[in-house]
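The values are calculated or read from the model by the stated rules, or taken from the named source; none is laboratory data. All of these numbers come straight from a predicted model, not from anything done at the bench. Here the Cβ positions follow ideal geometry from the backbone for every residue, glycine too, while neighbour counts run over all protein chains shown.
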Amino acid sequence: MTNVLDREMFESAYAGQAPWDIGKPNKVFVDMADRITGSVLDAGCGTGENALLFAGRGCRVTGIDFVAKAINCARRKAFERGLTVTFLVKDALTLKDWRQSGSTTSSRAASSTSFRMRTAAITSKGWRLC
């Protein structure tokens, strides 16, 4: 049995209310938001609450998630709040092939079983993991 949760499970979760989607930024990111400046990559951003938090504080933010429904929801939230965030349908496990670097990284995936793999991909590009 694999420890990495598959795409189908995530897509199925977003068919309703995903259990990890609490409708607001995660407290750990709220508590440290004043220490983050510059560019932020939110890997596994889901519906975008953490990315939107940092964008609202003036950071240049890119949010990625491999579930299109979650990204579409995040884009809608950004539009409704008047915030500029680049949201992309992208698998965080493919970051090693991505050409963007130098960002601070927040990860909603911190509590998932795939966190170690995502962290390895993130740190190989030079992003700092928050």
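Observations on the structure shown:
- Residue among ALA55, ALA68 that is modelled with pLDDT of 90 or more, under 16 Å from VAL85 (Cα atoms), of a type outside the set (Val, Ile, Thr) and out of contact with any Lys or Arg (no Cβ under 9 Å at 6 or more places or on another chain): ALA68
- For segment 18-73, a residue qualifies if it is β-branched (Val, Ile, Thr) and within 19 Å of LYS90 (Cβ to Cβ), and the qualifying residues are VAL40, THR47, VAL61, THR62, ILE64, VAL67, ILE71.
- The residue that is nearest to GLY58 (Cα to Cα), counting only those in segment 24-38 that are basic (Lys, Arg) and assigned to a helix (DSSP H, G or I), is ARG35.
- Breaking point among (1) modelled with pLDDT of 90 or more; (2) assigned to a helix (DSSP H, G or I), for SER12: (1)
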